[in-house]
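> Here it is: the structure, laid out below.
The values are calculated or read from the model by the stated rules, or taken from the named source; none is laboratory data. Quantities reported herein were computed from a predicted structural model and do not represent experimental measurements. Note: ideal-geometry Cβ built from the backbone for every residue, glycine included; neighbour counts use all protein chains shown.
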Amino acid sequence: MRTIDFTPVFRSTVGFDRMARLMDDMMRAGDAANVPAYPPYNIEKLGEDDYRITMAVAGFGEGDLDITVEDTTLVISGKVEKTEEEANRSFLHRGIATRAFERRFQLAETIKVVGASVEHGLLHVDLVHEVPEEKKPRKVEIASGVSTKRLEGTQAA
């Protein structure tokens with residue numbers, strides 16, 4: 001297992017403790033034995049602020065899939081309920097896996113899930129990068145002279 005010390009980076013930053021935890025978790029999960037390979041997926045950048053996660057979900061219907069956003073974590077899970085007819089089927093080869101799964105994706109605070117659809121055995125989850133007005137860069141005017149405003153709750157000497 002590899003470890004990287006990010007202490008020098010975090011000495012001059014404030015509020016990036018979440019990123020440190022995220023990177024630490026990714027380093028632990030980066031071991032090939034721990035990375036789940038099912039179901040396969042793609043992450044695409046469709047435009048300046050548009051993204052799409054496409055996941056191969058052959059054998060799953062819309063009712064078998066669940067998409068949940070918890071804070072900044074997107075959770076996609078699937079579970080197929082076996083019917084009596086399917087339980088009695090006999091396969092010579094079964095290459096289409098319909099086993100239960102759960103995939104988690106860490107999203108930036110400004111990424112929003114805007115929709116999802118299933119077509120041709122593929123689940124598409126559309127994401128958009130939305131920066132709130134208060135977080136967009138703004139110009140701060142420089143006033144000439146001394147400001148006469150006082151902080152609330154302070155008294156003049």
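> Any residue in segment 130-157 that's at pLDDT 60 or above and surrounded by 10 or more Cβ atoms within 10 Å (Cβ to Cβ): show its pairings with residues that are of a type outside the set (D, E) and part of a loop (DSSP other than H, G, I, E, B) at Cβ separation under 8 Å, as long as the two are six or more apart or on different chains.
E130/T110; V131/T110; K135/T110
> Would you please list the contacts, defined by Cβ atoms under 6 Å and residues six or more apart or on different chains, that run from a residue in segment 57-86 that is free of Cβ contacts under 8 Å to residues at least 12 places away in the same chain to a residue that is surrounded by 13 or more Cβ atoms within 10 Å (Cβ to Cβ)?
Correct list of pairs: T68/V75.
> Restricting to segment 42-87, name every residue that is assigned to a strand (DSSP E or B) and charged (D, E, K, R). Step through it out loud before you land on a result.
As a first pass, look at segment 42-87 and keep what is assigned to a strand (DSSP E or B): 42-45, 50-56, 65-70, 73-78.
Listed by number, the residues that qualify are E44, K45, D50, R52, D66, E70.
> Could you look through segment 106-122, keep only residues that are surrounded by 13 or more Cβ atoms within 10 Å (Cβ to Cβ) and in contact with a Ser or Thr (Cβ under 7 Å, 6 or more places away or on another chain), and pick out the one that is nearest to G59 (Cα to Cα)?
Among residues in segment 106-122 that are surrounded by 13 or more Cβ atoms within 10 Å (Cβ to Cβ) and in contact with a Ser or Thr (Cβ under 7 Å, 6 or more places away or on another chain), the one nearest to G59 (Cα to Cα) is L122.
> For segment 98-107, check the following and say yes or no: at least one residue is of a type in the set (A, V, I, L, M), in a strand (DSSP E or B), in the same structural domain as V57 (by TED's automatic domain parsing) and under 26 Å from M23 (Cα atoms). Show your work before the answer.
Step one: of segment 98-107, the residues of a type in the set (A, V, I, L, M) are 100, 107.
Subsequent filtering for residues that are in a strand (DSSP E or B) retains none.
No, that holds for no residue.
> Would a scan of segment 46-67 turn up a residue that is at pLDDT 85 or above, outside the structural domain of D5 (by TED's automatic domain parsing), β-branched (V, I, T) and closer than 30 Å to D5 by Cα?
Looking through segment 46-67, none of the residues is at pLDDT 85 or above, outside the structural domain of D5 (by TED's automatic domain parsing), β-branched (V, I, T) and closer than 30 Å to D5 by Cα.
> Moving on. Within segment 53-75, can one find any residue that is in contact with a helix residue (DSSP H, G or I) (Cβ under 9 Å, 6 or more places away or on another chain) and surrounded by fewer than 14 Cβ atoms within 10 Å (Cβ to Cβ)?
Taking segment 53-75 and keeping what is in contact with a helix residue (DSSP H, G or I) (Cβ under 9 Å, 6 or more places away or on another chain), we get 57, 72.
This time we only want the ones that are surrounded by fewer than 14 Cβ atoms within 10 Å (Cβ to Cβ), so: none.
The answer is no; no qualifying residue exists.
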